[in-house]
Amino acid sequence: MIRVVLAEDQAMVRGALSALLNLETDIDVLGEAADGEMAWRELQRLKPDVLVTDIEMPGLTGLELAQRIQRHELPIKVVIVTTFARPGFLRRALDAGVSGYLLKDAPAENLAEALRTVHRGGRSIDPQLALDAWTEADPLNERERQVLRLAGEGIGAGDIASRLNLSHGTVRNYLSEAIGKLGVNNRIEAYRLARQKGWL
């Protein structure tokens, strides 16, 4: 029996996924969560074999959940089911130890099959997305990503500097580097492009 916890902030999607998986004789949905922090608590309480999660959720994102599972060395496999067909997200998911990455518009039976593959120790990745992920590398380093993410939220360079314990000049340098690497004119364009590519 494959024991699963579902994390998805949209109630209708969560209910549909749960109903779909419960039709399978070898899959048991132990619990559901509407946000990342709730999912983290359920994972510790229920100790499932697999977490099925969306990427964008309140609290913790699916990627942050996967990173936390990896950091705590929990024996839980992670399968991401998302609308984000962005190579950057897939690359970051793989770096976080994710075993499955499926798109929500894939056929329903793909999810149960992916869970079986992942439970056996394999990987299940959307093939076109996997191909795209290796053709376009993320040019940003982790610091540039942090600074650009905050700048994109409308936070000024001075506030970013104090949040990240950096000097004002260093923050400006990181922003300038990110803008240059992405080939755009300003921090807003850089933020938009990096978001679109899944690099933030």
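The values are calculated or read from the model by the stated rules, or taken from the named source; none is laboratory data. Quick caveat, the model's predicted, so the values are computed rather than measured. Methodologically, a virtual Cβ is constructed for each residue, glycine included, from the backbone with ideal geometry; neighbour enumeration extends over all protein chains shown. For accessibility, only protein heavy atoms count, side chains too; no ligands or nucleic acids. Shrake-Rupley method; radii C 1.70, N 1.55, O 1.52, S 1.80 Å.
Quick rundown of the values:
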quantity	calculated
Cβ-Cβ under 8 Å pairs, at least 6 apart or on other chains, region 97-117 side touching a residue at least 12 places away in the same chain (Cβ under 8 Å) and on the phi < 0 side of the Ramachandran plot, far side of a type in the set (Asp, Glu) and in a strand (DSSP E or B)	none
Test result for residue 82, of a type in the set (Ser, Thr, Tyr) and open to solvent by less than 20 Å² (accessible area, probe 1.4 Å)	yes
Residue check for residue 115: assigned to a helix (DSSP H, G or I) and surrounded by fewer than 21 Cβ atoms within 10 Å (Cβ to Cβ)	no
In region 148-200, residue most open to solvent (accessible area, probe 1.4 Å) [restricted to those that are of a type in the set (Lys, Arg) and within 19 Å of residue 86 (Cβ to Cβ)]	192
Residues of region 40-70 that turn out to be within 22 Å of residue 110 (Cβ to Cβ) and either buried (at least 19 other Cβ atoms within 10 Å of the Cβ) or among the aromatic types (Phe, Trp, Tyr) (or both), as a count	12
Failed criterion for residue 172 (all others in (1) farther than 20 Å from residue 7 by Cα; (2) of a type in the set (Lys, Arg); (3) in contact with a Leu (Cβ under 9 Å, 6 or more places away or on another chain) hold)	(3)
The listed residue being of a type in the set (Val, Ile, Thr) and within 21 Å of residue 129 (Cβ to Cβ), out of 76, 69, 80, 27	80
Among (1) surrounded by 15 or more Cβ atoms within 10 Å (Cβ to Cβ); (2) of a type in the set (D, E, K, R); (3) free of Cβ contacts under 8 Å to residues at least 24 places away in the same chain; (4) not in a helix (DSSP H, G or I) - the single one residue 73 does not satisfy	(1)
Positions within region 42-64 being closer than 18 Å to residue 17 by Cα, among the aliphatic types (A, V, I, L, M) and part of a helix (DSSP H, G or I), in sequence order	43
Residue in region 95-102 that is within 25 Å of residue 178 (Cα to Cα) and open to solvent by 30 Å² or more (accessible area, probe 1.4 Å) present	yes
Pairs where the first residue, in region 188-200, is more than 15 Å from residue 174 (Cβ to Cβ) and the second is β-branched (Val, Ile, Thr), C-beta under 7 Å, 6+ apart	193/184
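Yes/no per residue for (1) under 28 Å from residue 192 (Cα atoms); (2) of a type in the set (Phe, Trp, Tyr); (3) within 11 Å of the chain's Cα centre (by Cα); (4) part of a helix (DSSP H, G or I):
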site: 25; (1), (2), (3), (4): no, no, no, no
site: 66; (1), (2), (3), (4): yes, no, yes, yes
site: 85; (1), (2), (3), (4): yes, no, no, no
site: 89; (1), (2), (3), (4): yes, yes, yes, yes
site: 110; (1), (2), (3), (4): no, no, no, yes
